[in-house]
Amino acid sequence: MEQIKPAERIVPQPGDVLLVVDVQYDFLPGGALGVAHGDEIIPALNRCIALFAAKNLPVYASRDWHPPDHISFHVRGGPWPVHCVANTHGAAFSPELKLPPSTAIINKADKRDLEAYSVFSGTDFDRRLRAGHVRRIFIGGLATDYCVLNTAKDAHALGYEYFVLTDAVRAVDVRLGDGGRALEEMHRLGAHLIVSGTLSA
């Protein structure tokens, strides 16, 4: 997979947004559905957040916001343990994540009988982006092989240009290599795979 080299600088501009996907306690090491090394992405995300905030560009943050009996949970025959139940500690963003007060928060998978990996699924995210004349989405967060992947697939289907910050994502890797395969799939769909250091003021 070809990545944009750090020397090829990208300057965020009007029409760009940063999307931080699901950096919540339950997806971090020690959480109910902790992603190995998931906390390691936070410094890279914080650099991107600071850059977008300094340029008065939108920062969005998604979060799983499940009811206690969500369809994805083992108790209902789903694939996952109970995690990110709305208004619990596990659903909170990491305090290490330096989200500005202006961050627009997108709740997803908040209906008991509907799963939603993509930030676009069952939310008004697309409507908000179109209202803001957004053309490019920069994506980081958790997890590469589920919510990041499905968000990127929907961004592709909806006609956005999108960038995946490869040093600011980590995978669940239920099957060894799922994260790498997810990045390859996103690349095939037209994602620009970049490192956070590519972004410049």
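The values are calculated or read from the model by the stated rules, or taken from the named source; none is laboratory data. None of these values were measured; they are calculated from a predicted model. Cβ placement follows ideal geometry from the backbone for every residue including glycine, while neighbour counts extend to all protein chains displayed.
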Tally of residues being surrounded by fewer than 18 Cβ atoms within 10 Å (Cβ to Cβ), small (Gly, Ala, Ser) and either assigned to a helix (DSSP H, G or I) or in contact (Cβ under 8 Å) with a residue 40 or more places away in the chain (or both) across the stretch 180-199: 2
Breaking point among (1) in contact with a helix residue (DSSP H, G or I) (Cβ under 9 Å, 6 or more places away or on another chain); (2) touching a residue at least 40 places away in the same chain (Cβ under 8 Å), for Pro29: (2)
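For (1) over 12 Å from the mean Cα position of the chain (by Cα); (2) of a type in the set (D, E, K, R); (3) within 16 Å of Asp16 (Cβ to Cβ); (4) at pLDDT below 95, each residue gets a yes or a no:
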site	(1), (2), (3), (4)
Leu129	yes, no, yes, no
Ile139	no, no, yes, no
Leu142	no, no, no, no
Tyr146	no, no, no, no
Asn150	no, no, no, no
Glu161	yes, yes, yes, no
Val164	no, no, yes, no
Met186	yes, no, no, no
Leu193	yes, no, no, no
Matching entry among Gly122, Gly159 (being under 25 Å from Ala32 (Cα atoms) and surrounded by fewer than 22 Cβ atoms within 10 Å (Cβ to Cβ)): Gly122
Neighbours by Cβ (under 6 Å, 6+ apart or cross-chain): first from the stretch 32-43, within 16 Å of Cys147 (Cα to Cα) and touching a residue at least 24 places away in the same chain (Cβ under 8 Å); second surrounded by fewer than 16 Cβ atoms within 10 Å (Cβ to Cβ) and aromatic (Phe, Trp, Tyr): none
Among (1) touching a Ser or Thr at 6+ places or on another chain (Cβ under 7 Å); (2) in a strand (DSSP E or B), the one test that Thr151 misses: (2)
Test: residue in the stretch 55-62 that is modelled with pLDDT of 95 or more, surrounded by fewer than 16 Cβ atoms within 10 Å (Cβ to Cβ) and over 21 Å from Gly34 (Cβ atoms): yes
When residues of the stretch 67-96 are limited to those that are without any contact (Cβ under 8 Å) to a residue 60 or more places away in the chain and part of a strand (DSSP E or B), the one farthest from Val174 (Cα to Cα): Val85
Flag if Asp39 is under 17 Å from the mean Cα position of the chain (by Cα), surrounded by fewer than 22 Cβ atoms within 10 Å (Cβ to Cβ) and within 15 Å of Arg170 (Cα to Cα): yes
Any hit, the stretch 97-120, residues being among the hydrophobic types (A, V, I, L, M, F, W, C), part of a helix (DSSP H, G or I), under 28 Å from Pro79 (Cα atoms) and within 14 Å of the chain's Cα centre (by Cα): no
Of all residues making up the stretch 64-85, the number that are within 14 Å of Ala32 (Cβ to Cβ), hydrophobic (A, V, I, L, M, F, W, C) and surrounded by 13 or more Cβ atoms within 10 Å (Cβ to Cβ): 5
Sole exception among (1) modelled with pLDDT of 95 or more; (2) over 26 Å from Gly34 (Cβ atoms) for Gly197, by number: (1)
Single unsatisfied condition, Ala109 versus (1) small (Gly, Ala, Ser); (2) in contact with a strand residue (DSSP E or B) (Cβ under 9 Å, 6 or more places away or on another chain); (3) within 24 Å of Phe52 (Cα to Cα): (3)
